[in-house]
Structures are given as structure tokens and as C-alpha cells.
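I have placed the structure first, in the form of C-alpha cells, so that the comments after it can refer back to it.
Read-outs throughout are calculated quantities, based only on the coordinates presented, and are distinct from any laboratory measurement. Given the structure is predicted, the values throughout are model-derived calculations rather than measurements.
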Amino acid sequence: MSVAARFGTLLVALLSALSSLGRPALADDVRLALAHPITLTAPDGKRVSSSDFPGQLLLVYFGYTHCSDQCPTSVSTMVEALDEMGPAARHVQPIFITVDPERDTGPILKEYTASFDKRLLGLTGSPDEIKAAAAAVGVQYEKVELNGTGDYSIDHSWTMSVIDETGRNARTFDFSAPHMLAKTLFDMLAKAGIDLEDVPNIAAFR
Amino acid sequence: MRALIAGFTAAFLALAAYAQEPGIAVEQAWARATPGAVKTGAAYLTLVNNGKQSDRLLGMSTPVADSASLHETKMEGGIMKMRPLGPVDLAPGKSLELKPGGNHIMLEGLKHPLKEGEHFPLTLAFEKAGTREVTVMVGKVGAMGPAGMTMDSGAMNHMNMTH
């Protein structure tokens, strides 16, 4: 490695260290053990627990339907990642958990998720249940009043979470392109010993 | 040949439209289809100040929603925040690109869902250039760019700001 390249690497490391100062603690790959299953409510009123999906990964995004810029991007990323996974996507259950249960009632949530993909399951719950679910996987959110009009926005983590096939461990990470999210999911499925032989283009994700 | 004529006609119309707008040009206005019964939506466009003097975007309106206003999405410590933006200045020769994950027009109180393939008018009010009406094309739910542009997932790479 040349001196210049070495200096460059050092500079990059230094800058990234500096840029992380002053941020609240939110690593870009948080791993947490779930003390107990997360239980929330589906749009039809049925209670759904994270322990209801043995052998599947739960791909979870916390968002809200009034979030018109960022949330559709995130949800589309989930869906595109599943599309890229082909048949192996059946080992992954995508879930959208609303952080705005006040406005995102069952029917709204149901139509919202169906507009993106019929595989996507929307979940809601009491404010306390949702808060606890988010905290359990390392997701933060906070309601913020806008302009004193009673209108509000909800600041929330720009992350995707995966609950593993045992339902006992959660991982929350930054995400970017659908391809990268698919790769993360493939890696987790492979680690879980789930057979991926039916993925025709698996090499592209390695 | 017909395609060629159509191409020339389109180019001519585009030039004519451009020529009429010596000050502010509004380009690529598009919106996302709205999921289900959701009453909020997002629209995007690019503003270019081709004039010699600075101008300011004061506000906007559309018949399809109770309100349309400029918002910004910003990332702070891994948390995504959406906030209203006040009037925006446009210096001569500068452009302002609204795009997913950045500045956007938030449509609130939609009178009907925005469906892919539809279009609607949006009127922008500028301090000096006056009002400008544009046609907003509605793309897919969760689209990352105007229809016909292949930036669906590639655009995501620019959005992972924490790396």
C-alpha cells in the first residue's frame, strides 16, 4: 500500500469516527435477544406473535402510512428484495408495524400493505405494545408535533429488522439497495441451515 | 418515419416550452401512487433558475389535495425526520431537485387516491416568476423516479447516508 493510500485510509477512518460523534447510540447492526415473543394485532383483529412463524425469518419495518416519502421507499425495498430472492422468499415473512396506531387503523393498514405486496403483513397494537416491540429489536421512534396545528410527524429509525428462524434473536441494521437486503437475508437463511438449493442465481448474492 | 416526426415534434414542443420560460423551469414533475386509502402522498420535480435574478418558491397548490407543501426528509443519527420547509430561494443558474429521501412535496388531504398512470395539475407560486402550472405524472407506489427512468433500486444507493 502506498503512503498516499495509507494516508487516505487513515483519513477515511478518522472522518467516519468523527462523524459518529454526537449521535445517539444506534449502531448500524444491532443484535438483541428477545426476552419473550412480540405479540401484536393484525388488521382483522387476530393476535399475531413472532413465535407463530417457526423456521421463517421475519423481515420487519416500523413505519406509518402518513410517511409519504421515506416509508414507501423502505417498503418497496423490502418487496424488491423478496422478489430478487425468488422462491427462497417463502422462508421470509415481511411485516410492516405501524408506529402510528392512532391513524393507521386496521382497514387503512390492510389496504396499505396490499398496495405494495400481498405477502406483506401489517401489524398494529396499543401504543405500549408497539413501543415495546420497537425497543425489543432496537428501533426508536418519537412523535413530533408540527406547526401547532395538531398535525404530527413521527421520527423513526431508518433501519430494517430481522427476527431469526428461532424467534429468539433480532437484528436491526441500516439498509440500502434491495439486492443488499436480499444478500443479508440469504446469509441469515444459510446460517440457519435453511436449504437454498432452489435459488437459481444464488452466486450473484455471494 | 412517423416515429421520427413524432420525435422531432416532441423535441420542438420541449424547446418551445423551454423558450417560454426564461426564468424558472419546472422539470420532471411526478408523484407516487398512494397505497390504499392513505390521504397523504408525495410529489417530486426539479426547479431550474435559468434567469439572471434569484427567485423564491413561495408555495404550491393542487386541486387533488387540501394542501401541498415542501417538506424535507433528513437523517440524524440513524433517525429519519420529516419537516416542513419554508420558502426556498433559487439563485440564478441553480437548480433544486426534489427526490425520494430528500426534499419533496407533501400532499395532504388527498381527495382521491393517486393511481399509477394518472396525472394532475400542480401550481407553483414564485416571488418573481409568478405562478407556473405543471402536470404531475403518477408513477408506481414506492417509485424512485419518474416513469420511464430506470432508477428504481439504483437510486437507493445514494440514500444510505450513514455509510
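What to note about this one:
- Segment B:111-141 and segment A:59-93 have Cα centres separated by 27 Å.
- Segment A:161-206 - Rg over Rh from alpha carbon coordinates, Kirkwood radius: 0.97
- For segment A:126-184, pairs of C-alpha atoms spaced more than 17 angstrom apart make up 53 percent of the total.
- Amide hydrogen neighbours beyond the local backbone of A:V48, cut-off 5 Å, H modeled: A:L40, A:T41, A:A42
- For a straight C-alpha distance cut-off of 18 angstrom, the aspartates and glutamates reachable from A:K191 (same-chain residues fewer than eight places away being disregarded) are A:D29, A:D164, A:E165.
- Hz values of 3J(HN,Hα) by residue in segment A:44-49 - Karplus curve (6.51, -1.76, 1.60), Gly and Pro given as x: 7, x, 5, 7, 10, 10
- Cross-link table A:K143/B:K140; B:K74/B:K99; A:K46/B:K115; B:K111/B:K140; B:K99/B:K140; A:K110/B:K140, entries beyond 22 Å C-alpha to C-alpha: A:K143/B:K140; A:K46/B:K115
- Interchain or long-range residues, amide H under 5 Å from A:S157's placed H: A:Q140, B:M80
- Under the Karplus curve 6.51 cos²θ - 1.76 cosθ + 1.60, θ = phi - 60°, whole-Hz ³J(HN,Hα) for segment B:36-42, x wherever Gly or Pro sits: x, 8, 4, 9, 10, x, 10
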